[in-house]
Amino acid sequence: MITMLQYLIILLDKGSSSFCHYRVPLKSKGNSLIPIEMLKQGIRFGMTENLMIQYVYPDYVLPTEYTEVIESIDHSKIKPMKDGADVWVTESIKDINAKVPVVWQTDKNTLFKSEADIINSLKNVPRLNIVMTDVDSFTNEDFEKYKQLLNALSGYIEKLYLEEKNPQLNLLTDRIMLSKMNNCGAGDTTITLAPNGKFYVCPAFYYEDETDSIGELEHVLDIKNKQLYKLEYAPICRHCDAYQCKRCIWLNRKTTLEVNTPSHEQCVVAHLERNASRNLLNCIRKHNSFLPEQEDIKEIDYLDPFDKKEEWGW
């Protein structure tokens, strides 16, 4: 039994939608379904290891035989269309209206211009997750723009809470609710099965390099240095209280060459969110006793925990 794992992500097609920081390459688009017998093997693997299965869909309707196999086990659906989705993934924030959580994948420049659309969407969805595809390119000017956007969204969310509504925006409300890290679990609690029958740390690793697998369906998993995917082996993150940070394993490796060490950009973005969440919580508590069981988010004097490395003996 692989006790560390909790989730199995199954990419139903090579062009399945992205729900995280990575982009699906254009060359991967098109109908390239996972063979149905391979899908059945993946489901059996998930059942044997007692894993929750998350299917990631392409942007077309699957054949009936696939639907029947998919429905043979409890699961959740991540889809680029809201019909039948448990999580709806979209690249457009315009006029979003859904009864399921929505993941909006965007770039920073579009994000900075979308304050009004984000505010409008918060009225019409139970939860909005915003995921940026170019966090690693943030500049000091971008950090300032991001801070201003978070402050503006915070003021609107405060207003909704005072109207006894419960908006959920990952960038601001998650940190308020958390008391420990809730990050990317790739390689630790989650693995991905790609349409080629191989396992990957996450979909991004598959799209970046198909040879970078961690095993195949017919063989046991082989996650090299698997302890490095765990929080306790992350020298910076284990001291951090930006609990909402995605701590993307793929971005870590892409930018620092270490799966357990985030880039400066990823850390600063996360701490801007953390600080905005702190301000939001304090503002709401001026009006009423909001989440009394939750501890205050303390004030800090840094945006990158690396600046405190000497205090932590690292």
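None of the figures in this text is laboratory data; all of them are computed from the coordinates on show. It should be emphasised that the depicted structure is a prediction, and the values quoted were computed from it without experimental measurement. Methodologically, a virtual Cβ is constructed for each residue, glycine included, from the backbone with ideal geometry; neighbour enumeration extends over all protein chains shown.
Net charge within 11 Å of Val100 by Cβ-Cβ distance, Lys/Arg positive one each and Asp/Glu negative one each, not counting Val100 itself? Each step should come with its number before you reach the end.
Numbers: positive: Lys77, Lys79, Lys82, Lys99, Arg127; negative: Asp83, Asp86.
With Lys, Arg at +1 and Asp, Glu at -1, the net is +3.
Residue-wise HN-Hα couplings along region 18-27, as the Karplus relation 6.51 cos²θ - 1.76 cosθ + 1.60 with θ = phi - 60° gives them from phi, are 7, 10, 9, 6, 7, 9, 7, x, 4, 5 Hz; Gly and Pro carry x. Sorted on the mean count of surrounding Cβ atoms within 10 Å across their residues, most packed first, peptides 247-259, 162-174, 283-295 read 247-259, 162-174, 283-295. Calculated mean residue ellipticity at 222 nm for the chain: -9500 deg cm²/dmol, from DSSP H runs with n ≥ 4 weighted as -39500 (n - 2.57), summed, divided by the residue count and rounded to 500. Scanning residues 5 or more positions from Val103 or on other chains, those with amide H under 5 Å from its amide H are Trp88, Val89, Thr90, Asn129, with H placed 1.01 Å from N in the peptide plane. Under 5 Å from the amide H of Leu51 lies no amide H of any residue 5 or more positions distant or on a separate chain, with H modelled from the backbone and absent for Pro and chain starts.
The separation of region 27-63 from region 77-140, counted between C-alpha centres, amounts to 24 Å. Protection proxy ranking of 184-190, 114-120, by the mean of other Cβ atoms within 10 Å over each peptide's residues and highest first, is 184-190, 114-120.
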